[in-house]
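Sharing a structure with you now.
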Amino acid sequence: MEKRERGCATATRPLTTLLLILLTAMTPSHTTDHPGKSPVIRPATQAGKFYDGNRDRLLHDIDSLLDRHETPAADGELAALIVPHAGYYFSGNVAASAYKAIAPAHHYKRIILIGPSHYEWLDGASVNTEADFYSTPLGQVRVDSEAARHIAASDSVFDYRPEAHDREHCLEVQLPFLQRRLKEVPPIVPIIVSTNDYAHLLRIATALKPYLNGDNLFVISSDFSHYPSYSDAYEVDGLTRRAVESGDVAQLLSTLERNAKSGKPGLVTSACGEQAIITLLLMLDKGYDIRHILYQNSGDIDNHDPSRVVGYHSFAIYRKNKGTVKTANTAAADSTSFTLTDAEKATLKEIAMGSLRHALSGAAPVSPKLTPALRRNCGAFVSLMKGGNLRGCIGHFGEDTPLYEMVHEMALAAAFEDPRFPELRKEELPDIEVEISVLTPMRRIHSLDELQLGRHGIYIRKGMRSGTFLPQVADQMGWTKEEFVGYCSQEKAHIGWNGWRDAELYVYEAIVF
């Protein structure tokens, strides 16, 4: 089997603004049932290309990939996955990490597959209302024709365009994983999305949202950065990842636009399935958690040409359990129970420096010994110091990423994404020292009386604006409580000196080393 595509050219166009692009709407087509007709089977057009066409070898490939991963811990019900769709040689490992989140014995009524069009411009969405089955080397998967027709008839933004499905790979490559992971594969609803019109995406999401329930699983098909260099891919894909994790469509759109304007050589898109991802985010509300599972790019698999790679992320979206909401008391208990040994701190520093050496000089990636504490999900800030002066500092709040991975990502972000500084250069590396602040879970406060200077960091959020100061900043600057929150409100959240008074206030602690 050939090693098929790290990524793929796409007929979708970057949706980097909320301004609507008005195009002529396509006239919906209708499928008429003909009793007694032979079933329509959509053939496995990508077998032998994107994945092995031999049944036994394909089973071996998928099982080998799934066996590399543990089932992710979950505090809720799996609602959706975001999965790459390149050839299995390149993206199969990341895809397997997502499919491992599915409980094999779980019974779904249907699986709704949504992906981008790589060949046809639709200005809407095409639902395959013609096919009765999709074929793969592992057998046939039934199409939920009734649901497909119901969705297609719900809004004129939907259509059936056979050319959008006939040779499209983004949905087909998901099927063998589903066939192998699930004991009973439910029928599917195949949907291809291709439009730059935000209003159309909103209509698509509105029509699909009633299906986002415990009966169904959504699978969103998307690769990420296409064709930047290896180090640029890590930078761009890190930004896109955090935007997806936020669940905020406006943040994702602004990130995609910023990436597009970054001038990264070779970068043609940050996510070829951005319209499919946006459709999902438009369906979500605060009752869902978006968790990142794994990132790799094609350079991690085959480093033949590190100047031109494709990025792959996997995400799992969970419907929150009502009983898992943390109270202030449980958050405070968590914050005092987490500690790091000197050896674990040294490992994190080596991960940070190793990430910089790898990005700047191609040195071999660090393979650390990971303890349970280093695998625990928590936030972190990484500060780069040069000659005693700050050279970059980026952090991320979140309990969705293992600490060792968070430090790796934040080290690269501090080196290449801090807008206050130029990108770190190779010749600077010998002079760089790393400071890491591992963050404990945040808890809401309602009075400055609950804030302890020198112990607590402050996080302020008001509407779409937010900002933070680490605990050590108050000591370094000699500030009072009012100055600590006032400067954070003014300089970080950009809501004015007194803006914190009617904003949400959170505190957290940091293990600084």
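The values are calculated or read from the model by the stated rules, or taken from the named source; none is laboratory data. What you see is a predicted model, and the numbers here were worked out from it, not measured in a lab. Here Cβ is always computed from backbone atoms with ideal geometry, including for glycine, and neighbour counts include all displayed protein chains. Ligands, DNA and RNA are excluded from the accessible area calculation, which covers all protein heavy atoms including side chains. Shrake-Rupley method; radii C 1.70, N 1.55, O 1.52, S 1.80 Å.
Consider residue 254 carefully, then state whether it is of a type in the set (S, T, N, Q), more than 22 Å from residue 81 (Cβ to Cβ) and out of contact with any His (no Cβ under 8 Å at 6 or more places or on another chain).
Against the criterion (of a type in the set (S, T, N, Q), more than 22 Å from residue 81 (Cβ to Cβ) and out of contact with any His (no Cβ under 8 Å at 6 or more places or on another chain)), residue 254 qualifies.
For segment 366-416, give me each residue that is part of a helix (DSSP H, G or I) and hydrophobic (A, V, I, L, M, F, W, C). First the steps, then the outcome.
Taking segment 366-416 as the starting set, the residues that turn out to be part of a helix (DSSP H, G or I) are 372-375, 403-416.
Result: 373, 374, 403, 406, 407, 410, 411, 412, 413, 414, 415, 416.
Now a separate question. Please verify whether residue 380 is of a type outside the set (Lys, Arg), at pLDDT 90 or above and open to solvent by less than 30 Å² (accessible area, probe 1.4 Å), treating the condition exactly as stated.
no
Name the one entry in 447, 466, 489 that is open to solvent by 30 Å² or more (accessible area, probe 1.4 Å), free of Cβ contacts under 8 Å to residues at least 60 places away in the same chain, in contact with a strand residue (DSSP E or B) (Cβ under 7 Å, 6 or more places away or on another chain) and of a type in the set (S, T, N, Q).
466
May I ask you to list the residues in segment 198-229 that are part of a helix (DSSP H, G or I), open to solvent by less than 30 Å² (accessible area, probe 1.4 Å) and farther than 27 Å from residue 102 by Cβ?
If the condition is that a residue be part of a helix (DSSP H, G or I), open to solvent by less than 30 Å² (accessible area, probe 1.4 Å) and farther than 27 Å from residue 102 by Cβ, then 200 is the only one that fits.
Considering segment 200-233 alone, what residues qualify as being under 13 Å from the mean Cα position of the chain (by Cα) and aromatic (Phe, Trp, Tyr)?
Answer for segment 200-233, where residues must be under 13 Å from the mean Cα position of the chain (by Cα) and aromatic (Phe, Trp, Tyr): just 224.
State all residues of segment 65-87 that are under 30 Å from residue 303 (Cβ atoms) and in contact with a helix residue (DSSP H, G or I) (Cβ under 6 Å, 6 or more places away or on another chain); if no residue qualifies, say none.
Result: 65, 66, 69, 81, 83, 84, 85.
Related question: Looking only at segment 424-440, count every residue that is part of a loop (DSSP other than H, G, I, E, B) and open to solvent by less than 20 Å² (accessible area, probe 1.4 Å) and tell me the total.
2
(1) open to solvent by less than 10 Å² (accessible area, probe 1.4 Å); (2) of a type in the set (Gly, Ala, Ser); (3) within 17 Å of residue 43 (Cβ to Cβ): which one isn't true of residue 139, the others all being true?
Single failed check for residue 139: (1).
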